[in-house]
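The values are calculated or read from the model by the stated rules, or taken from the named source; none is laboratory data. Just so it is clear, the model here is predicted, and its values are computed rather than measured. FYI the Cβ positions are ideal-geometry reconstructions off the backbone, even for glycines, and counts take in every protein chain you see. Side chains are part of the model used for accessible areas, which takes the heavy atoms of the whole protein and leaves out ligands, DNA and RNA. Shrake-Rupley method; radii C 1.70, N 1.55, O 1.52, S 1.80 Å.
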Amino acid sequence: MTTAFYSHADCRAHDMGRGHPECPQRLAAIHDHLIATELASALDLRDAPLATAAQIERAHSTRFISALQASIEPLAASGKHLALDPDTSAGPGTWNAVLRSAGAALAATDAVIDGHAANAFCAVRPPGHHATRHQAMGFCFFNNVAVAARHALDARGFARVAIIDFDVHHGNGTEDIIAGDERILMASFFQHPLYPYSGAMPKGTNMVNVPIPPYSRGSVVRAAIEQMWLPRLDDFKPRMLFLSAGFDAHREDELGQLGLIEADYSWITQRMVDLAERHAQGRIVSCLEGGYNLGALARSVAAHLRALAGVAP
Ligand SMILES: [Zn+2]
């Protein structure tokens, strides 16, 4: 079995305007690098389907889903743009991109559970981990990872899953959705202080939140993972892992001030592969979150994929 790679052309049609860091070129950079390094040939490339409202309702309120659809689906016909907050706007391609992003996470979850892939990576945008139960924010519309984790629990009958978030920003949306849901353990590190300025005080006992000071290097993050994440995760024994895979903690990324490099993403991913082997028959679904320096993003995703696919560098 191979590592599945889910994406869709619709995810590049979501455009928040000139100069916005969460840009369509992010996916092009990842794809080009996979071709250039021939890593693409080691992956099973698949098109993401559209998620349904019923699937998204496992993580978001019906009222929020309906309101978002009513405001941004008509943009496809009108050609207009709509600002949802100072960082987040929708345009003609946004609604389909949003549904493809969540749909990728859902299809990847089913493929891994059904044994059609060993694990999976979703190269999608918009990202999801800032989207709360009732609100789009921080470049995010629906919370792809939370939707997929709830699908594994509620539709596929899993008893316990883990969400691992290594984006430089705190996954406040994921925390908002899953706090108090003891079937999910969320482990994250994030630069603190940094947008969205939350996370230092966890909202639930099912959170392992590790704030990291600005200008820390990978060694600090690795120690935190070994000392704070892994003991809790091994006690919890998740049956499946969902990764909020942001690559903006890279030292070349200007949206954060941490100092990770590609080797750190290899190391983190390998720890998660080992964890999944111990408890979850290797089941991992990883979804792209942040990562805004195009070169660093492409190289870091490749490092992540090599570890997922067991391909030597
Ligand atoms: Zn981020």
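Under 5 Å from the amide H of Phe5 lie the amide H atoms of Asp44, Leu45, Arg46, Phe121, each residue being 5 or more positions distant or on a separate chain, with H modelled from the backbone and absent for Pro and chain starts. Comparing mean-square fluctuations of Ile56, Ile225, Ile164 from a GNM of the chain with C-alpha springs under 10 Å, the top value falls on Ile225. Kirkwood hydrodynamic radius of region 105-165, from the reciprocal of the average inverse Cα-Cα distance over all distinct pairs: 12.3 Å. Mean separation of Cα pairs under 8 Å and 6 or more residues apart, divided by the residue count, gives region 165-313 a relative contact order of 23 percent. Contact order for region 225-313, expressed relative to its length and based on alpha carbon pairs under 8 Å spaced 6+ residues apart, stands at 37 percent. Entry comment: accessible area of the chain is 37 Å² per residue, from protein heavy atoms only and a probe of 1.4 Å.
Farthest towards the positive end of the charge dipole of region 184-313, among the residues Leu194, Leu275, Asn293, is the Cα of Leu275, using unit charges on the Cβ of Lys, Arg, Asp and Glu.
Helix screen, the chain: DSSP H segments with Cα axial length of 27 Å or more and mean Kyte-Doolittle hydropathy at least 0.0 are 94-113. On the chain, 52 percent of the accessible area sits on carbon and sulfur atoms, based on a 1.4 Å probe. For region 1-16 and region 158-172, what is the centre-to-centre distance using only Cα atoms, to the nearest Å? When both Cα centres are located, 20 Å separates them. Of all DSSP bridge pairs formed entirely within the chain, close to 10 percent run antiparallel.
The three principal axes of the Cα atoms in the chain give end-to-end lengths of 51, 42, 41 Å, sorted in falling order.
Under the classification rounded if a/c is under 1.5, otherwise prolate if a/b is larger than b/c and oblate if not, where does region 198-313 fall, given a ≥ b ≥ c as square roots of the Cα gyration tensor eigenvalues? The shape class here is oblate.
A straight line joining the Cα centroids of region 243-263 and region 87-115 runs 23 Å.
For region 9-145, the calculated P(r) over all alpha carbon pairs, in 10 Å bins from 0 to the bin holding the longest distance, is 12, 42, 33, 12, 1 percent. Entry note, region 95-147: relative contact order of 36 percent, from Cα contacts under 8 Å with a spacing of 6+ residues.
Largest mean-square fluctuation among Ser286, Ser101, Ser61, in a Gaussian network model of the chain whose springs join Cα atoms under 10 Å apart, belongs to Ser61.
Each principal axis of the Cα atoms in region 205-261 has its own extent, and those three values, largest first, are 35, 20, 20 angstrom. Counting only DSSP H runs of at least 4 residues, each contributing -39500 (n - 2.57), and dividing by the residue count of the chain, the helix-based mean residue ellipticity at 222 nm comes to -10500 deg cm²/dmol.
With a 10 Å cut-off between alpha carbons and a GNM built on the chain, which of Asn144, Asn119, Asn96 moves the most? Result: Asn96 has the largest fluctuation of those listed.
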